[in-house]
Structure formats: C-alpha cells, structure tokens
Amino acid sequence: MHSFIRALPKVELHVHLVGSAGIDTVLELARRHPEAGVPADRDELERFYTFRDFDHFLKVYWAVQSMLKGRDDIHTLVVGLARELARQNVRYAEVTVTPYNHMTDGMPGDEVLAGLESGRAIAAGIGVELAWCFDIPGEKGLPAARETLAFALNRPEGLVSFGLGGPEAGVGRAQFAPFFDAARDAGLHCVPHAGETSGPETIWSALRDLKAERIGHGTSCVEDPALLEHLALKGIPLEVCPTSNVRTQQVASIGAHPVRQMLDGGVVVTLNTDDPPFFGATLEGEYLAVATALDLGHADVARLAENAVLASFLPNPRKTPLLEEIAAVLAAV
C-alpha cells in the first residue's frame, strides 16, 4: 500500500506555509537569523521540533515566524515545502499564507509577494505547482480581515482563495461575511476553517454566512446528521487533517477519527497535513494511516486522491491528466 500511495499523483489542499517548515528549512533560517535564538545545531533543533503538546507546538510555530524577515526567508520556506512535496509525488498544492502576521512583524507586503513569487517559480521547475490561499487570522479580528482583504485584492500570481484560520472559540464566522463577499466578488474562492475545535454550528455559519466552497477541517460535522447530509448532498469537500487532529487532541487516534463516518455519509473527504513537520506528518503518511485504520483497499485510497484533485481550484482541463494518471496507477495494481 505504501508504494501504491507513493505512486499516486497527489494534491494537497490544506497546508500552512509557516507550518510547513521542516528541519532543513529551519536550520537555514536559524543560521541566517541567530538573534532569534532558534537552535542552529541539527540534533538540538530536532529535539526542539519534537512534538510534545499544543503549547509547545505554538512555541515552535512562533519561533519559526520570528525568523521571517524578508523575501529571502519567504522564498526559503516556499522552496523547502516544494521539495518535500516533490519527494512525495505531490503535483499541486494550495498553500495557506497569513500575510497579516508577516506585515505586523514588520515585513513589507512587497517583500512577502516577492518571496512567494520566486519560490513558486522554483517549485514549478521541480514539478510542483503551488497556489495560494490568503487567510485571516481570526483571533486578530476585523483589522486583520481588512488588511488581508486589501492584500488579496492585489491578486498576486497564483492566488486562488480566501480563508479564515486561527482559534474558533469566541471568533464567530459571521462577522467576516463582508470580507468574504468582497473576496468572492473579486473572483476568489472561499475556504474558511470551521469545526476543528468547535461544534457543527461553526460549520453551518461558514456555509451560511461565508458561502464556504470547502471547509478546513470540519471534524465536528459528524455530530449533526443534518449537517453531514447537507455536506454530502451539496458536494462540499472537507479538508481533513487526521494527524493534526490527533496531535491537538481533538480526537484520540486515527482509528477514532470521524473520517469513517464522513466517508460512510457520502461526504467528499480530502486528506491533508495542516502543519506537517510540527506534527510529524506527511501526506503519504496521512493516506497510509487512514488506509490502515479504516482497512481501505487500493480503489478507496485512489478515490481519496481523486477527491483532492476534483476539490482543488485547478482548471478542469488540468485536472483531467491527474485523474487519468490516478486511474492508470490503480489499474496497474
């Protein structure tokens, strides 16, 4: 099964740029910015990076964030992600970027864009197409929403969607509706997080108020049969991140993850990594873990890969070759 998963051309729909920073990338950044105090020795950094609990995850995440000073640092992040995706035969990824955090840290918007663009060009050269989702850090409120929208309306090359991340508790989805309306009017797709750390009503609000086309996480949807039925009937995909949900203690284990109920309910499930090195995850590993826990066959796993292609914002003519290649890999089993 592992070799089958490796052979499948894959698509990633939910991975955060800062959260994608692997050991090699962070070593490069730490040596470039020693003032940040991040370990610049590989063994020490690996110990620092080993997941302990959610508070430690946040400490590591913000340590990486603190080393992002300009375009070269953003470029390093993007290229590091692209190389890891290429290693796993991931052909296309929609990567979540939070420009507001970079700009409030003092990085000019032009520097952010320059790093994204140059990194994206390198990624294309190694066979990985990257697209961007600019998301609002919801806990920072309406000022963050205004700034993120203004930045998104520049429509940089590769930007396809508009999102909403951060903690869900106490951060209602409805308050962000005007910003999502404006993003949609500008031609961007709407892909907010919902139902990761909160109940089904957050998902309903994302659908009703933000007109979500996909839902980031959506883990709690199985608590509401009507919502599960609605997602299936409308074909609204979920960006499911099983290992992330285990690490953040939203579910006890992959085996206990509601992904089985989602699939049995007819929901379009896609598998994703969220913040992969931080959680010890890979996209191949997500496929393998779910296949093992749910006793999926090769056709079931291929269907998950197809779901990601179909749920992506690639133009339809560019989806066809990927779907044909998935079919060919399955036929060769």
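Quick look at the values:
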| item | result |
| --- | --- |
| One residue from A30, A40 being in a loop (DSSP other than H, G, I, E, B) and over 15 Å from the mean Cα position of the chain (by Cα) | A40 |
| Residues within region 258-301 that are part of a loop (DSSP other than H, G, I, E, B) and under 18 Å from the mean Cα position of the chain (by Cα), tallied | 7 |
| Residues of region 80-111 satisfying the condition of being of a type in the set (A, V, I, L, M, F, W, C) and outside any helix (DSSP H, G or I) | V90, A93, V95, V97, M107 |
| Criterion (in contact with a strand residue (DSSP E or B) (Cβ under 9 Å, 6 or more places away or on another chain) and either of a type outside the set (G, A, S) or closer than 23 Å to L8 by Cβ (or both)) met by exactly one of P237, P178, P225, P277 | P237 |
| Search result, residues across region 54-79 that are assigned to a loop (DSSP other than H, G, I, E, B) and either within 21 Å of L271 (Cα to Cα) or hydrophobic (A, V, I, L, M, F, W, C) (or both) | M67, L68 |
| Filtered residues of region 166-194 (kept if in contact with a Pro (Cβ under 8 Å, 6 or more places away or on another chain) and buried (at least 22 other Cβ atoms within 10 Å of the Cβ)) | R173, F176, F180 |
| Hits in region 8-36 - residues which are more than 30 Å from C190 (Cα to Cα) and in contact (Cβ under 8 Å) with a residue 12 or more places away in the chain | I23, D24, V26, L27, E28, L29, A30, R32, H33, A36 |
| When residues of region 232-248 are limited to those that are modelled with pLDDT of 95 or more and assigned to a loop (DSSP other than H, G, I, E, B), the one surrounded by the most Cβ atoms within 10 Å (Cβ to Cβ) | C241 |
| Region 108-151, subset among the acidic types (D, E) and within 16 Å of the chain's Cα centre (by Cα), residue nearest to A183 (Cα to Cα) | D135 |
| Any hit, region 242-257, residues being farther than 16 Å from E94 by Cα, in contact (Cβ under 8 Å) with a residue 60 or more places away in the chain and among the hydrophobic types (A, V, I, L, M, F, W, C) | no |
| Considering residues of region 195-231 that are small (G, A, S) and within 21 Å of A311 (Cα to Cα) only, the residue surrounded by the most Cβ atoms within 10 Å (Cβ to Cβ) | G218 |
| Of residues in region 200-217 being among the small types (G, A, S) and in contact with a helix residue (DSSP H, G or I) (Cβ under 6 Å, 6 or more places away or on another chain), the one nearest to L263 (Cα to Cα) | A212 |
| Region 255-295, residues that are over 22 Å from R83 (Cβ atoms) and surrounded by fewer than 19 Cβ atoms within 10 Å (Cβ to Cβ) | G255, A256, R260, Q261, D264, G265, G266, T292, A293, L294, D295 |
| Enumeration of residues in region 1-23 that are within 21 Å of F279 (Cβ to Cβ) and over 20 Å from the mean Cα position of the chain (by Cα) | H2 |
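The values are calculated or read from the model by the stated rules, or taken from the named source; none is laboratory data. Being a predicted model, the structure only gives us computed values, none of them experimental. Every residue, glycine as well, gets a Cβ built from its backbone with ideal geometry; the counts of neighbours run over all protein chains shown.
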